Amino acid sequence: MASYSSEEENYARLNLLLAGISSRAVRKLFDSQFPPVSLAASLMKENNKLRELKKKNTINQAQWYLLFPPVRNVVGSKTFDISLMITLLSNLANLSPPHGGLPPVTDTTQGADLGRFKYYRNYLAHLDDEKVISTVFDTAWDKIAGAIERLGGPQMKQECDHLKSKALDQTNQQIMMDIKHSRDEITELKKSVNTLALNSVEIKEMMDDIVPRNIRGIN
């Protein structure tokens, strides 16, 4: 990744850590709470609560389809993203992350570790650029890797150590570009929505002006 700065590499590594190893650590916890052989039955039992989460948009339509596919015996955590698994663990297994942002270092409960993943995912998603300075990167990495070790075991921690120091190859570079393109698409979408909102206001103002004049003309 010679074309990227060290801050951009830091951003890419954190994304790879959160999208890859941390997802597997959460899945390991998820499968211990919701055994795969009875997952479909467990979800059906909690159908009413899950519908409430869907109404609140905590669970989106795509995630709902994964929870309740047409063929029930194909449901499985391997198709769930980390966001959905954390939502289910928080609401169905009482492992809710603590409120108030990043959990304190003294809190090493499973719920707190889920909160660390959630916090840093949100942090990366709201960056104005794809850069993370070294001091922030080192702190974030230690907190995320620590949570991964507690939830996934020492072998996953070794994978974290390897990812932190290994050279990023062409595949990782493509992932970096995909992240950037996704962010650009979201930015353009927001601009389009804002433009539509402005146009809607302008149209309403024009209609408010035109309708009274037409009424006056009729009278």
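The values are calculated or read from the model by the stated rules, or taken from the named source; none is laboratory data. All of these numbers come straight from a predicted model, not from anything done at the bench. For neighbour counting, all protein chains shown are included, and Cβ atoms are generated from backbone atoms with ideal geometry for every residue, glycine included.
Within the range 94-126, the set of residues being among the aliphatic types (A, V, I, L, M), in contact (Cβ under 8 Å) with a residue 40 or more places away in the chain and within 19 Å of Phe137 (Cβ to Cβ) comprises Leu102, Leu124.
Quick one: in the range 110-130, of everything that is surrounded by fewer than 17 Cβ atoms within 10 Å (Cβ to Cβ) and over 12 Å from the mean Cα position of the chain (by Cα), which residue is nearest to Leu88 (Cα to Cα)? It comes out as Leu127. Candidates Asn91, Asn47: the one that is touching a residue at least 40 places away in the same chain (Cβ under 8 Å), assigned by TED's automatic domain parsing to the domain that holds Lys157, of a type in the set (S, T, N, Q) and over 24 Å from Lys157 (Cα atoms) is Asn91. With respect to (1) free of Cβ contacts under 8 Å to residues at least 24 places away in the same chain; (2) within 30 Å of Asp129 (Cα to Cα); (3) aliphatic (A, V, I, L, M), the lone exception for Leu16 is condition (1). Cβ-Cβ contacts under 6 Å between residues 6 or more apart (or on different chains), taken from a first residue in the range 74-87 that is on the phi < 0 side of the Ramachandran plot to a second residue that is acidic (Asp, Glu), are listed as Ser77/Asp31. When each of Leu102, Leu43 is tested for being among the hydrophobic types (A, V, I, L, M, F, W, C) and in a helix (DSSP H, G or I), the lone residue that passes is Leu43.
Quickly run through the range 48-72 and pick out the residues that are surrounded by 15 or more Cβ atoms within 10 Å (Cβ to Cβ) and of a type in the set (Val, Ile, Thr). Passing the criteria: Thr58, Ile59.
Which residue, of Ser32, Ser83, Ser77, Ser90, is among the small types (Gly, Ala, Ser), at pLDDT 95 or above and under 24 Å from Arg121 (Cα atoms)?
Working: Ser83 fails: at pLDDT 95 or above; Ser77 fails: at pLDDT 95 or above; Ser90 fails: at pLDDT 95 or above.
It is Ser32.
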